[in-house]
Amino acid sequence: METQIVYAFVTGQQANRFLNALKVWSVADVQVKLYRGADKVKVSYYFAEEGFDSTSSQLDELAEVYGGKELL
């Protein structure tokens, strides 16, 4: 099942740093793009259907490094 999460950042520069970090991220295969402006990033990935998938929590932790928060 495909999962999509949008993260908001204070500046576009922080959003781009997060986006670029995900382009070389080795944890999971994710698709990333800017979302509705320069300060939001949309992340799409396929949720593992078996067992526990920690991708979402790892994305949250990485976003925090760049000052981002998940939009609800």
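Select from the stretch 57-72 the residues that are in a loop (DSSP other than H, G, I, E, B) and open to solvent by less than 50 Å² (accessible area, probe 1.4 Å) and list them in ascending order.
Gly67, Gly68, listed by residue number.
Is it the case that Val27 is in contact with a helix residue (DSSP H, G or I) (Cβ under 6 Å, 6 or more places away or on another chain) and without any contact (Cβ under 8 Å) to a residue 60 or more places away in the chain?
Yes; evaluated as a whole, the condition is true for this residue.
Select from the stretch 39-69 the residues that are more than 16 Å from Arg17 (Cα to Cα) and in contact with a helix residue (DSSP H, G or I) (Cβ under 7 Å, 6 or more places away or on another chain) and list them in ascending order.
Listed by number, the list holds a single entry, Tyr45.
Out of the residues in the stretch 1-22 that are in a helix (DSSP H, G or I) and under 10 Å from the mean Cα position of the chain (by Cα), state the one that is surrounded by the most Cβ atoms within 10 Å (Cβ to Cβ). If you could, list the steps in order and put the result at the bottom.
The initial filter retains those residues of the stretch 1-22 that are in a helix (DSSP H, G or I), namely 12-22.
So of that shortlist, the ones also under 10 Å from the mean Cα position of the chain (by Cα) come out as 15, 18-19, 21-22.
Values: Ala15: 24, Phe18: 22, Leu19: 19, Ala21: 14, Leu22: 20.
Looking at residues that are in a helix (DSSP H, G or I) and under 10 Å from the mean Cα position of the chain (by Cα), I get Ala15.
Kindly indicate the residue of the stretch 40-56 that is open to solvent by less than 50 Å² (accessible area, probe 1.4 Å) and small (Gly, Ala, Ser) and also modelled with the highest pLDDT among those meeting that condition.
Ser44
Pairs needed: first member in the stretch 35-49, under 15 Å from Ile5 (Cβ atoms); second member anywhere, modelled with pLDDT under 90 and open to solvent by less than 60 Å² (accessible area, probe 1.4 Å); C-beta distance under 7 Å; at least 6 residues apart or different chains.
If the second residue must be modelled with pLDDT under 90 and open to solvent by less than 60 Å² (accessible area, probe 1.4 Å), the pairs left are Tyr45/Ala28; Tyr45/Thr55; Phe47/Asp53.
For the stretch 28-39, which residues satisfy the criterion of being open to solvent by less than 70 Å² (accessible area, probe 1.4 Å) and part of a loop (DSSP other than H, G, I, E, B)? Reasoning before the result, please.
If we filter the stretch 28-39 for residues that are open to solvent by less than 70 Å² (accessible area, probe 1.4 Å), which is where we start, we get 28, 30, 32, 35, 37-39.
Listed by number, the residues that qualify are Ala28, Tyr35, Gly37, Ala38, Asp39.
The values are calculated or read from the model by the stated rules, or taken from the named source; none is laboratory data. On a predicted model such as this, the values are computed, not experimentally measured, just so you know. As a convention, Cβ positions derive from the backbone with ideal geometry for all residues, glycine included, and neighbour counts pool all protein chains shown. With ligands, DNA and RNA removed, areas are computed over all heavy atoms of the protein, side chains included. Shrake-Rupley method; radii C 1.70, N 1.55, O 1.52, S 1.80 Å.
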